[in-house]
Amino acid sequence: MNFRIAVLPGDGIGPEVTTEAQKAMVAIAERFGHSFEFTEGLAGGAAIDAQGTPMRDETLELCQKSDAILFGAVGGPKWDNPKVDSRPEQALFRLRKTLDLFANLRPVRAYPMLAEKSPLRPEVLLGSDIIVVRELAGGLYFGQPKKRWETEEGRRAVDTMDYADWEISRIVRVACELARKRSKRVTSVDKFNALISSRLWRQVATEIGEEYADVEVSHMLADTFAMQLVTNPSTFDVIVTGNMFGDIFTDEAAVLAGSMGLLPSASLSGLPTGRTLGMYEPIHGSAPTIAGKGIANPLAAILSAAMLMRYSLDLEEEAKTIEDAVMAVLVDGYRTEDILTAGGKKVGTVQMGDLVVEKLRT
Ligand code: IPM
Ligand code: MG
């Protein structure tokens, strides 16, 4: 089949890693008889520089018309001036909101061969394989009022944690659908004892859990979960939580994998069943300090391409093939600098991409 893929490489190491992900996709296309039509667009700082805005309407339209969006990363010190209103991250927020990419899936697993890269003890890491489902289009990031103003006593600012029942139910459904294909357990994380929005969250999550008779939905407070995630990570499977908590927990969960350079993500506009429009990006960000050096780890971007095949193209076998190829390259001992372990064979971005492609061709 022919699929249209919008590619937004963005800033920093974004272009370097998306190039490798596209290489893996082309290899898959050849192997399975598909074709991918890639169309590039500018996003983030690159778009601010060239087009005066982090994301033009034309680029959004390109994304809307595509089957899936492959995204690199945005941001960097060049665009960090707090006095300037236009910021690279606005490209992300605009995409998330306009395309209603409400379900952010961030799988994290402990790779046994990289255990020494994690600050956690191997016996704590052992068997950890979780997927965090973060609500991405609501909550504290988007709630109104959201503003800053001057008062007689000084400066003041407010953000609002606002959730409607339908926003909670659709994200919990995403988690339950994923759980059906995994261990059938969902942990919903909230701050029920302090926040009214969390009380609604817990109530709705319980109701949706009842709709999924085969899935067990349990609840945990965010502070307890923050501790449990690094003390007993292997007890969790599917986690579902709001936008702000999810942002924090997914960075915390990254320590299980040993490096951010391995972690992919999907942002979906619907349930993870059939074909859903989604945006796929590595979670590591633009890493400006290593940009252009050819040392960035492309595996998170390549694994994001696997998620793209799974959730937006409904190509499970192709997705699995990419994941197996990445695993095989790691088993062979190839390592980019961020995951270099004793005795590992050090490779750069392009070489790592080539190694995955080689596995995909065999
Ligand atoms: C993420 C990032 C973004 C977020 C930033 C860049 C705005 O941290 O995708 O986790 O907070 O959502
Ligand atoms: Mg984050």
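The values are calculated or read from the model by the stated rules, or taken from the named source; none is laboratory data. None of these values were measured; they are calculated from a predicted model. Don't worry about glycine lacking a Cβ; one is built from the backbone with ideal geometry, like all the others, and counts go over all protein chains shown.
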Within 22 Å of Thr59 (Cβ to Cβ) and away from ligand 1 (no atom under 15 Å from the Cβ): which single residue out of Leu268, Leu256, Leu262, Leu277 fits that description? Leu277
Search result, residues across the range 275-298 that are among the small types (Gly, Ala, Ser) and at pLDDT 95 or above: Gly278, Ser286, Ala287, Ala291, Gly292, Gly294, Ala296
If I filter the range 228-249 for residues that are in contact with a Ser or Thr (Cβ under 6 Å, 6 or more places away or on another chain), assigned to a loop (DSSP other than H, G, I, E, B) and farther than 30 Å from Ile339 by Cβ, do I get at least one hit? no
Across the range 47-66, the tally of residues that are surrounded by fewer than 19 Cβ atoms within 10 Å (Cβ to Cβ) and touching a strand residue (DSSP E or B) at 6+ places or on another chain (Cβ under 8 Å) stands at 2
Output for the range 154-168, where each listed residue is surrounded by 13 or more Cβ atoms within 10 Å (Cβ to Cβ) and aliphatic (A, V, I, L, M): Met161, Ile168
Among the residues listed as Leu114, Leu140, Leu101, the single one being under 22 Å from Thr235 (Cβ atoms) and of a type in the set (A, V, I, L, M, F, W, C): Leu114
Lone unmet requirement of (1) within 16 Å of ligand 1 (Cβ to nearest atom); (2) touching a residue at least 24 places away in the same chain (Cβ under 8 Å) for Ile248: (2)
From the list Leu105, Leu126, Leu114, exactly one residue is within 15 Å of ligand 1 (Cβ to nearest atom), within 29 Å of Glu323 (Cβ to Cβ) and of a type in the set (A, V, I, L, M). Which is it? Leu105
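Yes/no per residue for (1) free of Cβ contacts under 8 Å to residues at least 40 places away in the same chain; (2) within 16 Å of ligand 2 (Cβ to nearest atom); (3) touching a Cys at 6+ places or on another chain (Cβ under 9 Å):
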{"residue": "Ile69", "(1), (2), (3)": "no, no, yes"}
{"residue": "Ala91", "(1), (2), (3)": "no, yes, no"}
{"residue": "Pro122", "(1), (2), (3)": "yes, no, no"}
{"residue": "Leu136", "(1), (2), (3)": "no, yes, no"}
{"residue": "Thr151", "(1), (2), (3)": "yes, no, no"}
{"residue": "Gly154", "(1), (2), (3)": "yes, no, no"}
{"residue": "Tyr163", "(1), (2), (3)": "no, no, no"}
{"residue": "Arg180", "(1), (2), (3)": "yes, no, no"}
{"residue": "Arg185", "(1), (2), (3)": "no, no, no"}
Just one of Ser169, Ser86 is hydroxyl-bearing (Ser, Thr, Tyr), modelled with pLDDT under 95, more than 16 Å from ligand 2 (Cβ to nearest atom) and over 26 Å from Asp332 (Cβ atoms); which is it? Ser86
